[in-house]
Amino acid sequence: MVMQQLQQEDSFNSAKLYMWVKGLESKVNNLLKEVDVLKNDSIKKTAGLKKEIRSINEDLMELKHQQEKALQKMDIIIKELKQTAGAEEVMTLKKYVDLWSPLNFVTQRDVERLVENHVDRIHRVLKRAVNTQKKTVRKTARQRKARKKERSKKIKRKVIHHAN
């Protein structure tokens, strides 16, 4: 009888131990699966971040290039403006023309029109250059904002997906 009781206790303990080990094994397998999912998500996020950084670097290089071009254009405009006559020089020329007042030469009105046309041309060139620069800056800002919005949407989708 004592022998029979010992055998029952051993079988009971063995069965209990077996079930406990199986439960632990199942939990470990679940944890390993979760670790794999976390690893994969981390790798994907890292790759996404690398792409975003690369894109941002490209945008930055593009902006620097555009800024360089704008500065070159502004330098050209400044050089051209330096080559044109200033207001004092124009006034001096106007005085000489008034003094000479030749009959077959240019009249005062013609000179004034030429000066006004020249000044208008300069203003138009400057306005075009400034408008072009503004458009470029706005366009780049819109593109950057659109990219940022798209990235934000992707991140939100990922967060929602992971939350579910």
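Before moving on, here are some points about what is shown:
- A single member of E25, E88, E80 is loosely packed, with under 10 Cβ neighbours inside 10 Å and either modelled with pLDDT under 95 or farther than 30 Å from A146 by Cα (or both), and it is E88.
- Conditions (1) without any contact (Cβ under 8 Å) to a residue 12 or more places away in the chain; (2) surrounded by 10 or more Cβ atoms within 10 Å (Cβ to Cβ): number failed by L99: (2)
- Filtering the range 132-152 to residues that are free of Cβ contacts under 8 Å to residues at least 40 places away in the same chain and either in contact with a strand residue (DSSP E or B) (Cβ under 7 Å, 6 or more places away or on another chain) or within 13 Å of G48 (Cβ to Cβ) (or both) leaves E150, S152.
- Exactly one residue out of K69, K64, K73, K94 is under 29 Å from the mean Cα position of the chain (by Cα), assigned to a helix (DSSP H, G or I) and either at pLDDT below 85 or under 30 Å from K154 (Cα atoms) (or both): that is K64.
- Scan of the range 109-154 for residues that are in contact with a Lys or Arg (Cβ under 9 Å, 6 or more places away or on another chain) and farther than 24 Å from Q67 by Cβ, ordered by number: V111, E112, V115
The values are calculated or read from the model by the stated rules, or taken from the named source; none is laboratory data. Quick caveat, the model's predicted, so the values are computed rather than measured. Cβ atoms come from the backbone with ideal geometry, glycine included; neighbour counts cover every protein chain shown.
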